[in-house]
Amino acid sequence: MTEKTPDIVFKSKVHPIVASFPKHLKAPKNYNKIQKFILETLASRHSHGEIVDWAKCVACQRRFAERGHVLKKLGFKTPGHYMVWKKIHEEIKRRDPFPKYND
């Protein structure tokens with residue numbers, strides 16, 4: 001009597017949010033470059049002591065709106081999409097700190 005193995009192929013399911021990332025956002029080697037670029041869009045030479053002052057500042061609000069456009073150009077659909085991307089890459093970096101993130 002011979003045993004027959006089933007012809008079942010198991011595929012891992014990818015979360016829909018992760019599946020919607022473009023290729024350049026999935027690559028761990030691009031994480032530091034993209035993160036630096038996004039953070040530089042919010043960089044400013046002045047600061048505010050209170051959040052109310054920041055909300056009234058035209059220059060800060062313009063930069064904040066520009067950051068939204070930068071996120072869209074990079075391939076993020078919403079700010080939450082960006083936060084998920086960041087969280088995933090920080091976890092990858094924590095678990096496997098050397099090979100993928102050294103440039």
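Computed from the coordinates by the stated procedures, all read-outs in this text should not be read as laboratory data. Quick caveat: nothing in here was measured; it's all calculated off a predicted structure. Cβ coordinates were reconstructed from backbone atoms using ideal geometry, including for glycine residues, and neighbour counts include every protein chain displayed.
Looking for whichever is loosely packed, with under 12 Cβ neighbours inside 10 Å, under 12 Å from the mean Cα position of the chain (by Cα) and over 17 Å from Phe21 (Cα atoms) here; the options are Lys36, Lys87. Which one fits? It would help to see each step written out before you state the result.
Details: Lys87 fails: over 17 Å from Phe21 (Cα atoms).
None of the others qualify; the one that does is Lys36.
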Residue that is farthest from Val14 (Cα to Cα) [pool: residues in the stretch 39-82 that are within 17 Å of the chain's Cα centre (by Cα) and among the β-branched types (Val, Ile, Thr)]: Thr41
Tabulated pairs, the stretch 41-53, first within 15 Å of Arg63 (Cα to Cα) and without any contact (Cβ under 8 Å) to a residue 24 or more places away in the chain, second surrounded by 10 or more Cβ atoms within 10 Å (Cβ to Cβ) and aromatic (Phe, Trp, Tyr), C-beta under 8 angstrom, 6+ apart or interchain: His48/Trp54
